[in-house]
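The structure appears right after this line, and notes come after that.
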Amino acid sequence: MKNHQRCLLRSFIYVASFLFPVTATFADDELDQAINQIADMISKSTHEPTTRTIAVADFAMLDGTVTTLGQHLAESLITELFRVAPYKFEVVERRHLALVLMEQKIAANQLFDPKSLSRIGKLLQVQEIATGTITDLTDQIEINSRLISVETGRITAVDRRRIRKLGSVSELLNKIAVAGQADDSKAPPKETPDAVEKKTGNIPRHGSNVDGVVIEIVRAVRKGTNVSVELAFTSTRRDLDLSLWGDWHESSTAVTNNAMSYRAREPKLGMAEHNGFVEGRLLAGTRVQGELTFHGVESDATSISLEIRGMRKNAGADDNSWQRWSLAAGKIPIDK
């Protein structure tokens, strides 16, 4: 009898081991279906022949926290909108919206406020904003989506979906979207300002510790019609090869307090300079200066928000080990 029970138990475990990944795959499929349904909801919300300009914001948790899942929903929704209705919408780049929100000090969950909506609408020249919330229901998540008119503040379309919290859905939900963290799931937590001060000798005016590299935004200074952003990089752990992107691939970008956006030009790192991107070596504990230049910045701009991008790897490591990094920083005053 006992042998029979053991056999049944082993059979159950064997079958369950195959069922779980299938269930996780179903959850991923449910996420894709939810994104498709949200895009369909937005597409069917109008029958106007003219193209509408909309912005898609990250989906926040109820407490305002933005997870990687919330970013994924927004990014995938933009792609899906172009697929289901390629001529109906002109969509504002998600990163542009994020930088404007940072510059205006508006959190993702404040987009439901009519005053915030009106301000963003005027700055970005959009008619509607698509956004929503994510609710953790233990074994499921609920996605509530809204399309909101910027002019009236009225909700013009809604959608609600529940999907199972398994597989990549659960993984994305558990990752907090921290501006400036490298694209590395094993990235350590940011160091405190005191720890940065001990290792670099000062606390940056603006900046952060991105996976062991202290990135300082020293200042932004106007030079004629251009604005140059002076940077400094210090590796606190090991020798690294670092690249800084200008107008290259996913460019480093800036948005002014007037919501005008610019791509970086002429990146510098140490003695190296190039129009697209530049590479250099960071020796552990050595501070290396860098610079990004933004051309034709409007004369009445008083501050900028930045998203600086590049790649990094251990010094001398194989080229296949390059990893992306990014740093977002807001409200940096422009010195004259």
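The values are calculated or read from the model by the stated rules, or taken from the named source; none is laboratory data. The structure presented is a predicted model; accordingly, all values stated were derived computationally and were not measured. Cβ atoms come from the backbone with ideal geometry, glycine included; neighbour counts cover every protein chain shown.
Residue count for the range 119-141, restricted to those that are under 22 Å from ASP40 (Cα atoms) and either surrounded by 15 or more Cβ atoms within 10 Å (Cβ to Cβ) or of a type in the set (Gly, Ala, Ser) (or both): 10.
Remark: pairs (first residue in the range 49-75, closer than 25 Å to LYS122 by Cα and among the acidic types (Asp, Glu); second residue at pLDDT below 90 and part of a strand (DSSP E or B); Cβ separation under 7 Å; 6+ apart in sequence or on different chains) = ASP58/VAL66. Residues that are buried (at least 20 other Cβ atoms within 10 Å of the Cβ), touching a helix residue (DSSP H, G or I) at 6+ places or on another chain (Cβ under 6 Å) and within 18 Å of ASN36 (Cα to Cα) within the range 63-76 comprise LEU69, HIS72, ALA74, listed in sequence order. Of all residues in the range 248-303, exactly one satisfies the criterion of being hydroxyl-bearing (Ser, Thr, Tyr) and modelled with pLDDT under 85, namely SER251. Residues of the range 243-266 that are of a type outside the set (S, T, N, Q), closer than 30 Å to GLN125 by Cα and buried (at least 21 other Cβ atoms within 10 Å of the Cβ): TRP245, GLY246, ALA254, VAL255, TYR262, ALA264.
Taking (1) under 29 Å from SER170 (Cα atoms); (2) in a loop (DSSP other than H, G, I, E, B); (3) aliphatic (A, V, I, L, M) in turn, VAL91 satisfies each apart from (2). From the residues in the range 211-242 that are β-branched (Val, Ile, Thr) and surrounded by 18 or more Cβ atoms within 10 Å (Cβ to Cβ), which one is nearest to ALA301 (Cα to Cα)? This residue is VAL227.
Of the residues screened, LEU101 is not one that is in contact (Cβ under 8 Å) with a residue 60 or more places away in the chain and buried (at least 18 other Cβ atoms within 10 Å of the Cβ). Among the residues making up the range 104-118, a single one is under 19 Å from LEU69 (Cα atoms) and surrounded by fewer than 16 Cβ atoms within 10 Å (Cβ to Cβ): ALA107. No other residue among GLU230, GLU298 is assigned to a loop (DSSP other than H, G, I, E, B) and assigned by TED's automatic domain parsing to the domain that holds LEU327 apart from GLU298. Within the range 243-287, being farther than 17 Å from SER305 by Cβ, of a type in the set (A, V, I, L, M) and part of a loop (DSSP other than H, G, I, E, B) holds for MET271, LEU283, ALA284.
Exactly one residue out of THR286, THR302 is in contact (Cβ under 8 Å) with a residue 24 or more places away in the chain and over 18 Å from VAL214 (Cβ atoms): that is THR302.
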